[in-house]
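Only one structure is covered here, and it is reproduced in the block below.
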Amino acid sequence: MTILEADLTWTGERFEPGVRIAIGPDGRISAVGALREPASERLKGLALLPGFVNAHSHAFQRGLRGHGERFPSGAGSFWSWREAMYALVEELDEVSLRGLSLRAFREMLAAGITTVGEFHYLHHGKDGADWSLDEAVLEAAREAGIRLVLLEVYYRTGGIGKPLERAQRRFDGRSLEEYWRAVDALAQRLDPAHATVGVAPHSIRAVGLDELAELHARARKRRMVVHMHLEETQKEIQECRAAHGRTPMELVAARLDLDAGFTAVHATHTAPEQLGSYLDSGANLCLCPLTEANLGDGTPVLGRVPRDGLSLGTDSNARISMLEEMRWAEYGQRLARRERGVLADEHGQVARRLLAAATRGGARALGVRAGAIEVGAWADFVALDLAAPELEGWTGDTLLESLVFGASERALAGTWVGGRRVHSSA
């Protein structure tokens, strides 16, 4: 058994000294607190937090970094960016996808991210090989050492009532029967200590309503989480209204039995009252502030957000920083509402709410026992260098705010997954 002790440890409410963390051979936390046993590893000058949980990623889009940021023909949009993404898709094979995924996952570990929900829809090889690219993502996660929830995407139409075109054909779920065979094959060969599978109907424009309802019901019967892009763009809402007479969020609320096993990604243009009703169902919301800003999508106007219902994702991975995702989740609301402290918890603390979104909220959305330093949780941690210049002037009372609102990855000293140190800044 390994016992870690840092100078300070985040206990869910505050940083506390004298906390020892016992880690069992299964990679889970077996005890926490003022243990009698001495620390086998003393982490001097460091503070420990739960590892960050990235609830929404498209690892292959790391290959777009630096591209698509010039606009010779005038302003761009999500839809013009999507064409550049499709061009990348047409180039990728198993080797290049594995390389991009490995690069993204290693960068996540350096950013303190210990679990990633990989919203994976690039399934088929350039040569038509069925589902051959799924294994490339799994191999990359294994080599990097990151905890993976593979959110296997079901993608059937190129728009509401439209056939798949060009690069989209590599996303094709083919049929529910073939999709579930692929999911079952994945689940059988994964070690649940390191990787699990979830279900992801891509969006209302890519999945028919009847198949969506069947997919969701079957997934929840198997206790699998379900993630779905919802109301990311105004065009999506307009086309859905034209086809179905209702918004995507209204259709999801009417057709699915929502609970904590469902996560809506983005909800950028969801009406505040609809978003409030959705969250009252117990379902989750995943925001990806850096990508939503990069694509010019906008920012949702949030009202009351339940304690554990908010999570964060790096999405397109144009920049991989959970610290920036945290602060911009709040800053986006400040810009939209022209007031401060929008995401404050019941005690008026914003940083604590944002850290919860980056840890507990993400773990809840992905269905993993992580995001907290408590008995039974995976021993996934990120260490903070208390001597980092960016944190100079911190006190025990201000350390979390100094990190969330004032620091970068330069303040992070190391990352543990399952009790094993997988990244060190030294």
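Could you pull out the trypsin sites (Lys or Arg not before Pro) across region 19-77 that fall in loop regions by DSSP (anything but H, G, I, E, B) with no more than 13 other Cβ atoms inside 10 Å?
Hits after loop and neighbour filter: Arg36, Arg70.
Quick one: grab Rg to one decimal and Dmax as a whole number for region 92-140, Cα atoms only, in Å.
11.4, 37
Please give the per residue accessible area of region 269-367, computed with a probe of 1.4 Å over protein heavy atoms only, in Å².
That works out to 36 Å² for each residue.
Take every DSSP beta bridge with both residues inside region 1-148 and express the antiparallel ones as a percent of the total, to the nearest 5.
50 percent
Output the direction-averaged projected area (hull surface divided by four) of the convex hull of the alpha-carbon atoms of region 1-74, in nm².
Average of the hull's projected areas for region 1-74 equals 8.9 nm².
Find, among the GluC sites (Glu not before Pro) in region 1-57, those assigned to loop by DSSP (not H, G, I, E, B) with at most 14 other beta-carbon atoms within 10 angstrom.
Passing both the DSSP loop test and the Cβ count: Glu13.
Aspartates and glutamates within cross-link reach of Lys44: Cα-Cα under 18 Å, excluding same-chain residues under 8 positions apart?
Straight-distance partners of Lys44: Glu5, Asp7, Glu16, Asp385, Glu392.
Write down the accessible area per residue of region 156-224 in Å², having rolled a 1.4 Å probe over the full set of protein chains.
48 Å²
Which of the lysines could a cross-linker bridge to Lys162, judged by Cα under 21 Å and excluding same-chain residues fewer than eight apart?
Filter leaves Lys235.
May I have the pair-distance distribution P(r) for region 217-314, computed from all Cα-Cα distances with 10 Å bins from 0 and rounded to whole percent?
Calculated over all Cα pairs of region 217-314, the distribution is 16, 50, 31, 3 percent.
May I ask you to derive the relative contact order of the chain, considering only C-alpha pairs under 8 Å and at least 6 residues apart, and to give it as an integer percent?
With pairs under 8 Å counted, the relative contact order is 20 percent.
Using Cα pairs under 8 angstrom and six or more residues apart, how large is the relative contact order of region 1-59, in percent?
Across region 1-59, relative contact order equals 39 percent.
Compute the whole-percent fraction of alpha carbon pairs in the chain spaced more than 32 Å apart.
Result for the distance tail: 33 percent.
The values are calculated or read from the model by the stated rules, or taken from the named source; none is laboratory data. In this text, all values refer to a predicted model and were calculated from it rather than measured experimentally. Virtual Cβ from ideal backbone geometry, glycine too; neighbours counted across all protein chains shown. What goes into the accessible areas is simple: the full protein's heavy atoms, side chains included, and nothing from ligands, DNA or RNA. Shrake-Rupley method; radii C 1.70, N 1.55, O 1.52, S 1.80 Å.
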